[in-house]
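Participant: For reference, the structure I am asking about is given below.
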Amino acid sequence: MSHELILILDFGSQYTQLIARRIRELKVYCEIVPFYYGLEQILERRPKGIIFSGGPNSVYEGDAPKVEESFYFSVKVPILGICYGMQLLARDLGGEVAPSDKREYGHAEIKVLDSSSRIFSGLPQELRVWMSHGDHVVKLPNGFQATSTSGEIVTSIENEKKKIYGVQFHPEVSHTPLGQEILRNFLFDICGCKGDWTTGSFVEEEIEKIRQMIAEDESVVCALSGGVDSTVAAVLVHKAVGDRQVCIFVNNGLLRYKEFETTLRFYEEKLHLNVVGVDASEEFYEALKGVEDPERKRKIIGHKFIEIFEREARKIKNARWLVQGTLYPDVIESVSLRGASVTIKTHHNVGGLPEKMNLKLIEPFRELFKDEVRRIGKELGIPEEILKRHPFPGPGLAVRILGEVTPEKVKLLQKVDKIFIEELKKSGLYDSVWQAFAVLLPIQSVGVMGDFRTYDRVVALRAVSSIDGMTADWAKLPHDFLQKVSSRIISEVKGVNRVVYDISSKPPSTIEWE
Ligand code: XMP
């Protein structure tokens, strides 16, 4: 690897991924590794600096996660401990940590004690920060000084000579407004990073790597879904191996309005991919007949997809590789206290396929976040229209049609969804929401149209704002906008006489209804 590296040792904090994102935003490459990652491996990888994440434990608990004893003597690069990370290094180096009377959670004001501290360089003397901890450092290790406090509590420590720093608060969260500056000071001033992590350099390196990996006579298979990750992955691999990559795009009959036709054309004509379009709608409808249970629907769709994909992939000569758009958050999950730190989720769509067909995996985005993949897509010339698309679930409209799925219901829902999305785009609201869609409810309601009574279907509109889909707020779309969408739906889509708007957030609701 030719670029700078920061390693983040994960002690199980819910914010560990955020630390990585913040660092990448500063154009420094970093990776999250579990706290028990071997010391030798760490040294081999020659990081420019190491960060200890926070974590849910107390350092004085018997089985609290820790680093090897020789860690601090062997690692010669700067260390920054955050929250639990600070308590750990303070305790390990001879200090003392004790429980606070009560858990401190929320905003706090800290006072910087030493304006020459490099970690606070260029920052005001009083800072608003975000705290989330139950313990604090009560005795500093030898050679350390406190650089800030909040009331009686020491909120940061450092040993400038050894380049070991600790902050009790969380600089990585947006509730610490100047947190990014603290990380910048650590990376650039203290670790000496230059910020050489750019999408351009990633693309070049990755294309070369893929070229080296794949032999001249081997072919690559890629499952396209119409979404951002698989599209960007396919375009990147195409740059490396050209038409030796065969993409398979399956229509399961559960996509959005005319999505299969338009996306397929787009793949062929605009992105010049070698793509096989397979319209398997009827097979999926047949398999879904009479099925109402959401989880059974998911399973049936997943199995059917694999069956069809495998059938098509077997037609490709010398297929040895499978491209997947797996992202970093899928690869690394926060350290569980039971120690199973790195969980690799198999892509729900092609789960089990690589083993069955004896395919090796190419996952160019295993270490990337979604926003980085979008930037790479831009770098590769993929239009915004694809890159800014809302996420769409693998089982498609099947989990948005409550109850049994039929082709008629799919058609109806596609029309409703199209109007909603069209209006969102027209009014400039599309990019402001994470996801927006319509749901067909399994009920009918009474209405009146002209002089006639109607007894028709009800659809729900759902729009949410979210950072990663893990939590979400219902989107506060303007009333006049909702009114316009509702009247268009009721007048243009025969069979619908009522539109409702979903005002539930996640948790406790989920984004999809099924
Ligand atoms: P939930 O409904 O769990 O959704 O709040 C969170 C995000 O995941 C998407 N989703 C799925 N994606 N297969 C997928 O590929 C699925 O079975 C599935 N279920 C939900 C959902 O659209 C949202 O972005």
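The values are calculated or read from the model by the stated rules, or taken from the named source; none is laboratory data. As the structure is a prediction and not an experimental result, all values here were calculated from the model. Positions of Cβ are backbone-derived with ideal geometry, glycine not excepted, and every protein chain shown enters the neighbour counts. Only protein heavy atoms, including side chains, enter the accessible area calculation; ligands, DNA and RNA are left aside. Shrake-Rupley method; radii C 1.70, N 1.55, O 1.52, S 1.80 Å.
Participant: Tally time: how many residues in the range 60-90 are out of contact with any helix residue (DSSP H, G or I) (no Cβ under 9 Å at 6 or more places or on another chain), outside any loop (DSSP other than H, G, I, E, B) and open to solvent by less than 80 Å² (accessible area, probe 1.4 Å)?
Facilitator: Number of matching residues: 6.
Participant: Listed residues 491, 486; which is part of a helix (DSSP H, G or I), more than 16 Å from the ligand (Cβ to nearest atom) and either of a type in the set (D, E, K, R) or in contact (Cβ under 8 Å) with a residue 12 or more places away in the chain (or both)? Spell out the reasoning first.
Facilitator: Details: 491 fails: either of a type in the set (D, E, K, R) or in contact (Cβ under 8 Å) with a residue 12 or more places away in the chain (or both).
Of the residues listed, the single one that is part of a helix (DSSP H, G or I), more than 16 Å from the ligand (Cβ to nearest atom) and either of a type in the set (D, E, K, R) or in contact (Cβ under 8 Å) with a residue 12 or more places away in the chain (or both) is 486.
Participant: Of everything in the range 269-291, what is surrounded by fewer than 14 Cβ atoms within 10 Å (Cβ to Cβ) and either among the hydrophobic types (A, V, I, L, M, F, W, C) or assigned to a loop (DSSP other than H, G, I, E, B) (or both)? Give them in sequence order.
Facilitator: 272, 289, 290 - these are the residues of the range 269-291 that are surrounded by fewer than 14 Cβ atoms within 10 Å (Cβ to Cβ) and either among the hydrophobic types (A, V, I, L, M, F, W, C) or assigned to a loop (DSSP other than H, G, I, E, B) (or both).
Participant: May I ask you to list pairs of residues, at least six apart or on different chains, whose Cβ atoms are under 6 Å apart, with the first in the range 159-184 being in a loop (DSSP other than H, G, I, E, B) and the second being surrounded by 16 or more Cβ atoms within 10 Å (Cβ to Cβ) and among the charged types (D, E, K, R)?
Facilitator: Pairs found: 172/22.
Participant: Would you mind stating whether residue 473 is within 15 Å of the ligand (Cβ to nearest atom) and not in a helix (DSSP H, G or I)?
Facilitator: Yes.
Participant: Related question: With (1) open to solvent by 20 Å² or more (accessible area, probe 1.4 Å); (2) assigned to a helix (DSSP H, G or I); (3) within 16 Å of the ligand (Cβ to nearest atom) as the list, and residue 510 as the residue in question, which single condition is left unmet?
Facilitator: Among (1) open to solvent by 20 Å² or more (accessible area, probe 1.4 Å); (2) assigned to a helix (DSSP H, G or I); (3) within 16 Å of the ligand (Cβ to nearest atom), the lone unmet condition for residue 510 is (2).
Participant: Condition (residue is more than 16 Å from the ligand (Cβ to nearest atom), in contact with a strand residue (DSSP E or B) (Cβ under 8 Å, 6 or more places away or on another chain) and hydroxyl-bearing (Ser, Thr, Tyr)) applied to the range 452-469: is it met by at least one residue?
Facilitator: Start the filter on the range 452-469 by keeping residues that are more than 16 Å from the ligand (Cβ to nearest atom), which leaves 452-459.
Add one more test, that the residue is in contact with a strand residue (DSSP E or B) (Cβ under 8 Å, 6 or more places away or on another chain), and what stays is 453-459.
Next, only the ones that are hydroxyl-bearing (Ser, Thr, Tyr) stay: 454-455.
The answer is yes, given that some residue of the range 452-469 is more than 16 Å from the ligand (Cβ to nearest atom), in contact with a strand residue (DSSP E or B) (Cβ under 8 Å, 6 or more places away or on another chain) and hydroxyl-bearing (Ser, Thr, Tyr).
Participant: Quick one: residue 191 ticks every box in (1) within 16 Å of residue 83 (Cα to Cα); (2) open to solvent by less than 30 Å² (accessible area, probe 1.4 Å); (3) not β-branched (Val, Ile, Thr) except a single one, so which number is it?
Facilitator: The one condition residue 191 does not meet is (1).
Participant: I'm checking my understanding of the structure. Among residues of the range 1-29 that are among the hydroxyl-bearing types (Ser, Thr, Tyr) and farther than 19 Å from residue 206 by Cβ, which one is most open to solvent (accessible area, probe 1.4 Å)?
Facilitator: 15
Participant: Right, here's the next one. Looking at the range 383-399 only, could you name the residues that are more than 9 Å from the ligand (Cβ to nearest atom), open to solvent by 10 Å² or more (accessible area, probe 1.4 Å) and closer than 27 Å to residue 287 by Cβ?
Facilitator: 389, the sole residue that qualifies.
Participant: Quick one: would you say residue 103 is open to solvent by 30 Å² or more (accessible area, probe 1.4 Å), in contact (Cβ under 8 Å) with a residue 60 or more places away in the chain and not small (Gly, Ala, Ser)?
Facilitator: Against the criterion (open to solvent by 30 Å² or more (accessible area, probe 1.4 Å), in contact (Cβ under 8 Å) with a residue 60 or more places away in the chain and not small (Gly, Ala, Ser)), residue 103 does not qualify.
Participant: I would also like to ask the following. Name the single residue, out of those in the range 360-382 being within 18 Å of residue 224 (Cβ to Cβ) and open to solvent by 30 Å² or more (accessible area, probe 1.4 Å), that is farthest from the ligand (Cβ to nearest atom).
Facilitator: Going through the qualifying residues, I end up with 381.
Participant: On to the next question. Return the total of residues in the range 307-317 being open to solvent by less than 100 Å² (accessible area, probe 1.4 Å) and farther than 21 Å from residue 364 by Cβ.
Facilitator: Residues that pass the stated criteria total 4.
Participant: With respect to residue 446, is the statement that it is surrounded by 21 or more Cβ atoms within 10 Å (Cβ to Cβ), aliphatic (A, V, I, L, M), more than 16 Å from the ligand (Cβ to nearest atom) and within 21 Å of residue 485 (Cα to Cα) true?
Facilitator: So residue 446 fails the test.
Participant: Follow-up question, since we're still on this one. Take residue 304 and decide whether it is within 16 Å of the ligand (Cβ to nearest atom), without any contact (Cβ under 8 Å) to a residue 60 or more places away in the chain, open to solvent by less than 50 Å² (accessible area, probe 1.4 Å) and not acidic (Asp, Glu).
Facilitator: yes
A quick yes/no check of all residues on (1) farther than 18 Å from residue 410 by Cβ; (2) part of a loop (DSSP other than H, G, I, E, B); (3) open to solvent by less than 20 Å² (accessible area, probe 1.4 Å); (4) of a type outside the set (S, T, N, Q):
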| position | (1), (2), (3), (4) |
| --- | --- |
| 230 | yes, no, yes, no |
| 238 | yes, no, no, yes |
| 243 | yes, no, no, yes |
| 248 | yes, no, yes, yes |
| 257 | no, yes, no, yes |
| 267 | yes, no, yes, yes |
